[in-house]
Each structure stands twice: as structure tokens, then as C-alpha cells.
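Here the structure comes first, spelled out in C-alpha cells, and everything after it is commentary.
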Amino acid sequence: VKAGLTIARVGVEAAIKDQLLCRLELQQTLHLAKIQELEQLRTELESTRDAFAVLYEQSPVGYITLDAKGHIQNVNAAFVALLGYSRKRLLDLPISFVIDRQDLGKVWWHVSQCEKARQNRVSTELRLLTQAHKTIVAQLISVPYASSSGKKLFLSAVVDLSERTRNEQAIYEAKEFA
């Protein structure tokens with residue numbers, strides 16, 4: 001009888017081990033499927049990120065990223081070309097470095113509105129100074145953004161309004177002399 005109980009216990013233990021092994025294999029299969037799904041999502045996310053990086057860099061519109069203090073964290077090629085400074089020269093400078101003195105109050109108001117997050121989008125017309133000391137009328141449009149590290153940033157489009165300003169001046173002069 002004792003030998004029969006030992007054999008039965010061994011049989012039950014083997015059945016339990018088989019059942020646990022089946023459960024572990026099922027869990028492993030489910031985890032592998034989840035890993036594959038996550039790898040696919042990561043690949044798609046990286047592809048999307050890369051596409052937006054190309055759009056950011058190659059856009060004909062100037063883009064800058066400002067930190068909460070108004071310092072330039074990133075710029076695209078169009079912004080560099082618009083102002084004539086090198087990318088390296090612009091990085092970490094306060095935005096006020098490229099703003100006409102008469103518009104310093106406007107730019108700090110813009111940055112404070114971004115920082116206070118009173119609006120989802122802050123838009124300000126102001127004058128930029130190029131490296132060649134020329135003035136460019138532009139629209140600075142900023143939206144809040146949190147970096148992956150949680151740092152508060154502002155993504156900003158810088159739209160050159162020079163053409164519009166020239167057209168407005170031409171219309172004014174045409175009316176003036178008509």
C-alpha cells in the first residue's frame with residue numbers, strides 16, 4: 001500500500017510539473033508575442049520620429065525650440081538661413097539675442113505667456129535681427145511641449161512676414177500717391 005501511495009504521489013507530482021511546464025510555456029509564448037508587438041511598435045515610432053525630424057529640419061519655415069527661460073535649444077536649417085548665424089552660435093542663447101531692441105518686451109511677454117501656459121498657442125509679431133544687422137518682421141508661434149525627461153519646452157514656428165510687410169507698404173504708398 002505504501003509503495004502504491006508513493007507511485008501515486010510521484011504520478012501526481014509529475015502531472016503537476018507537466019501542468020506548470022505547460023503554463024510556463026504558454027506564458028513564455030504570450031511574452032514573446034508581446035515583445036514582438038512592442039518591437040514592431042518601437043520600429044513604427046522610430047520611423048515616425050525620423051520622418052518628423054526630416055520635416056523639422058527641411059521645412060521652409062523656421063523652427064526653434066525654446067526652454068522655459070527663453071533660451072534656444074534647437075533650430076532648423078530655415079531659421080539658420082533666415083538669420084545667417086550658425087546653428088552652433090544660436091544654441092543656448094536667449095531668444096532676445098536675435099530680437100530687435102524695440103521688441104524685447106514683446107518677446108519676454110511671449111515667453112512668459114508660454115511659461116504660464118495660459119494658452120495652448122502663443123503668437124507674437126516681432127522684429128528679428130540677422131547677423132548682417134538687417135531687420136526681419138516675423139511671427140513667432142509657440143506651443144508647449146514636454147521633453148522625454150519632463151523638461152518644459154516650447155516648439156516655435158518663425159514665419160517670415162517680410163513679403164507681407166513689403167506688400168502692405170506698397171499698398172499704403174499707392175494709396176498715398178493716388
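So the values come out like this:
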read-out	value
Candidate set from region 119-173 (those that are polar (S, T, N, Q) and in a strand (DSSP E or B)); member that is farthest from residue 68 (Cα to Cα)	135
Count of residues meeting criterion [within 23 Å of residue 145 (Cβ to Cβ), open to solvent by 10 Å² or more (accessible area, probe 1.4 Å) and aliphatic (A, V, I, L, M)] in region 71-104	6
Matching entry among 34, 116 (being open to solvent by 30 Å² or more (accessible area, probe 1.4 Å), more than 21 Å from residue 159 (Cβ to Cβ), out of contact with any Pro (no Cβ under 7 Å at 6 or more places or on another chain) and at pLDDT 95 or above)	34
Lone qualifier among 98, 54 - being closer than 17 Å to residue 138 by Cα and either β-branched (Val, Ile, Thr) or over 14 Å from the mean Cα position of the chain (by Cα) (or both)	98
Condition met for residue 107 (closer than 25 Å to residue 80 by Cα, without any contact (Cβ under 8 Å) to a residue 40 or more places away in the chain, surrounded by 11 or more Cβ atoms within 10 Å (Cβ to Cβ) and in contact with a Cys (Cβ under 9 Å, 6 or more places away or on another chain))	no
Selection within region 133-171 - acidic (Asp, Glu) and surrounded by 17 or more Cβ atoms within 10 Å (Cβ to Cβ)	160
Sole exception among (1) polar (S, T, N, Q); (2) open to solvent by 90 Å² or more (accessible area, probe 1.4 Å); (3) under 24 Å from the mean Cα position of the chain (by Cα); (4) at pLDDT 90 or above for residue 28, by number	(3)
Region 76-90 residues that are over 11 Å from residue 59 (Cβ atoms), paired with ones that are open to solvent by 40 Å² or more (accessible area, probe 1.4 Å) and not hydroxyl-bearing (Ser, Thr, Tyr) (beta carbon under 8 Å, 6 or more apart)	80/87; 82/160; 83/129; 83/131; 84/131; 84/132; 85/131; 90/97
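The values are calculated or read from the model by the stated rules, or taken from the named source; none is laboratory data. Everything numeric here is computed off the predicted structure, so don't read it as measured data. Here the Cβ is made from the backbone with ideal geometry for all residues, glycine too, and neighbour counts use every protein chain on show. Just so you know, the surface numbers come from the protein's heavy atoms only, side chains and all, with ligands and any DNA or RNA stripped out. Shrake-Rupley method; radii C 1.70, N 1.55, O 1.52, S 1.80 Å.
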